[in-house]
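Enquirer: My structure is below; once you've seen it, I'll send some questions.
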Amino acid sequence: MEAATKTPASLSLPWKTRIILSVLSAATDAARRKDGTVNRRLIKFFDYRTPPTSNPRDGVKTYDVVVDPARNLWFRVFIPIQHAVQDLPVIVYFHGGGFVFLSADLKLYDTVCRRFAKKLPAIIVSVNYRLAPEHRYPAQHDDCFDVLKFLDDDHENSSKSLPENANISRCFVAGDSAGGNLAHHVAQRACEFNFRRLKVIGVVAIQPFFGGMERTDSEIKLEGTPLVSVKRTDWCWKAFMPAAGEKGYDRDHRIINVSGAKAVDISNMDFPATMVVVGGFDALKDWQKRYYEWLKNSGKEVYLLDYPNTFHGFYLFPELPESDKLISEMKALIHRVLNKV
């Protein structure tokens, strides 16, 4: 998993992918207001959402479960029908979007979670958490951790939210971008919480959204690559953090600069095996590699996947070969961890 890689001189992408990336970038840029708010009405024009499907599509059926209607906290369950009687791990998935954009029922995420469910195979629980700036930190992290507590308590209910073959004692947390940040911090909180049945045994952090006050080489040199830029990430961090001026809430806060001077010491925690996914054309890759090194130096089992010809968000595009490679590596990680349980 940890192979030496060299980033090509330029990013090679199909035209279809380039067009979608251009639309996503234009939509999020237009929706970000100078006063730090988001034009949600404008976003709706680009929000291609899809309902759950009780009749299987692509070998997977789905349904939604409400955790807390007051928070609009819910999740979508993805069940691979060809493995209906097989004991399956549960992957609790957190979507990306800089803590500000996107949702669990967005077509892009519905599609990628269907692929995960079918090809891994696993029961996928895709969480729809509250967004900033309407709901600032720690709303997102609390929502995602509360889903784990809900799943742990749910076995007492007569009408369970997960199928009988879902094994929550074999639970992985995973996420991309902001969801990768959430996956780390949720796993860390899980290490300190006394669940009755649920056990987090693995973490998949796909191009996690970390940062700091420093400007890294990749942030400077890869300015202009798809989706991520210093201007965009700075805006998202400002929208995500509590009110400006509150003590300690700058980009070196432990939630953002996860491996920095203010990081939580996890050396004595039973932190799960972790896979960190990095892209050669992702401006955040230096932060992600620091995270990998920090986990390794903390004595944790960690694997680095470095795809040199990929941008931030490549996994959402099934036409890219690295998208399938990622699923294969996730499957290998799951098998490796389950064999140790």
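The values are calculated or read from the model by the stated rules, or taken from the named source; none is laboratory data. This is a predicted model, so every value here is computed, not measured. Cβ: placed from backbone, ideal geometry, glycine included. Neighbour counts: every protein chain shown. Note: areas computed on protein heavy atoms with side chains; ligands, DNA, RNA excluded. Shrake-Rupley method; radii C 1.70, N 1.55, O 1.52, S 1.80 Å.
Enquirer: Which residue fluctuates the most in the chain, going by a Gaussian network model with Cα springs under 10 Å, if the choices are 148, 42, 305?
Expert: Per the Cα network of the chain with a 10 Å cutoff, 42 tops the list.
Enquirer: Related question: Shape call for the stretch 205-341 from the C-alpha gyration tensor, a ≥ b ≥ c root eigenvalues: rounded (a/c under 1.5), prolate (a/b greater than b/c) or oblate? Intermediate values should be presented prior to the final figure.
Expert: On the way: a/c = 2.20, a/b = 1.19, b/c = 1.85.
Oblate is the answer for the stretch 205-341, as a/c is 1.5 or above yet b/c matches or exceeds a/b.
Enquirer: Quick one: Cα centre-to-centre distance for the stretch 224-301 and the stretch 48-73, in angstrom?
Expert: What the calculation gives is 30 Å, centre to centre.
Enquirer: Next question. Rounded if a/c is under 1.5, else prolate if a/b is larger than b/c, else oblate: which is the stretch 159-238, with a ≥ b ≥ c the root eigenvalues of its Cα gyration tensor? Kindly include the intermediate steps, with their values, before the conclusion.
Expert: Numbers: a/c = 3.30, a/b = 2.53, b/c = 1.30.
It is prolate, given that a/c is not under 1.5 and a/b is the larger ratio.
Enquirer: Give the calculated FRET efficiency between residue 134 and residue 269 to the nearest 0.05, with a Förster radius of 41 Å applied to their Cβ-Cβ distance. Walk me through the intermediate numbers first.
Expert: Numbers: r = 32 Å, r/R0 = 0.79.
E(calc), rounded to 0.05, equals 0.80.
Enquirer: Working out 0.36 nm times the residue gap between residue 45 and residue 107, then minus their Cα-Cα distance, what length gain in nm do you get to one decimal?
Expert: Working: separation 62, 0.36 × 62 = 22.32 nm, distance 1.34 nm.
Full-extension gain reported as 21.0 nm.
Enquirer: To continue, here is another question. Rounded to two decimals, what is Rg over Rh for the stretch 263-341 when you use alpha-carbon atoms and the Kirkwood radius? Spell out each step's value before the answer.
Expert: Details: Rg = 13.8 Å, Rh = 13.7 Å.
Rg/Rh for the stretch 263-341 comes to 1.01.
Enquirer: What is the stretch 39-114 by shape, rounded, prolate or oblate, if you read a ≥ b ≥ c off the alpha carbon gyration tensor as root eigenvalues and call it rounded for a/c under 1.5, prolate for a/b larger than b/c, and oblate otherwise? Walk me through the numbers on the way to the answer.
Expert: On the way: a/c = 2.15, a/b = 1.74, b/c = 1.24.
It is prolate, given that a/c is not under 1.5 and a/b is the larger ratio.
Enquirer: Just order 48-58, 22-32, 76-86, 282-292 by mean Cβ neighbour count inside 10 Å, highest at the front, would you? List each step's numbers first, then the result.
Expert: Working: 48-58: 12.1, 22-32: 15.5, 76-86: 17.1, 282-292: 23.4.
Ranked from most to least packed, the peptides come out as 282-292, 76-86, 22-32, 48-58.
Enquirer: Report the calculated FRET efficiency for residue 71 and residue 10 (r = Cβ-Cβ distance, R0 = 41 Å), to the nearest 0.05. If you can, show how the numbers build up before the last one.
Expert: Numbers: r = 44 Å, r/R0 = 1.06.
Efficiency computed from Cβ-Cβ geometry: 0.40.
Enquirer: Continuing with this model, one more query. Using R₀ = 41 Å, calculate the FRET efficiency as 1/(1 + (r/R₀)^6) where r is the Cβ-Cβ separation of residue 22 and residue 341; round to 0.05.
Expert: Numbers: r = 44 Å, r/R0 = 1.07.
With R0 = 41 Å, the Cβ-Cβ based efficiency is 0.40.
Enquirer: Where in the stretch 205-227 does the label zone of residue 261 land, with the point 7 angstrom along Cα→C-beta and an amide N cut-off under 15 Å?
Expert: Answer for this model: 212-215.
Enquirer: Rounded to whole Å, give me the distance from the Cα center of the stretch 207-222 to that of the stretch 103-170.
Expert: One Cα centre to the other: 28 Å.
Enquirer: A follow-up question, please. Heavy-atom accessible area per residue, the chain, 1.4 Å probe: how many Å²?
Expert: Details: 14880 Å² over 341 residues.
For the chain, the solvent-accessible area averages 44 Å² per residue.
Enquirer: With all distinct Cα pairs included, what does the Kirkwood hydrodynamic radius of the stretch 1-130 come out to in Å, to one decimal, could you say? Intermediate results must be reported in sequence, preceding the final value.
Expert: Numbers: mean 1/r = 0.0592 Å⁻¹.
For the stretch 1-130, inverting the mean 1/r across all distinct Cα pairs yields 16.9 Å.
Enquirer: Please report the antiparallel percentage of the DSSP beta bridges confined to the chain, to the nearest 5.
Expert: Antiparallel: roughly 35 percent of the beta bridges in the chain.
Enquirer: On the accessible surface of the stretch 62-165, probed at 1.4 Å, how many percent belong to carbon and sulfur atoms?
Expert: Exposed carbon and sulfur together represent 52 percent of the surface.
Enquirer: P(r) of the stretch 128-203 in 10 Å steps, Cα pairs, percent per bin?
Expert: 18, 49, 28, 5
Enquirer: Could you quote the convex hull projected area for the chain, Cα atoms only and averaged over all directions, in nm²?
Expert: Numbers: hull surface 67.4 nm².
The Cα convex hull of the chain, projected and averaged over all directions, gives 16.9 nm².
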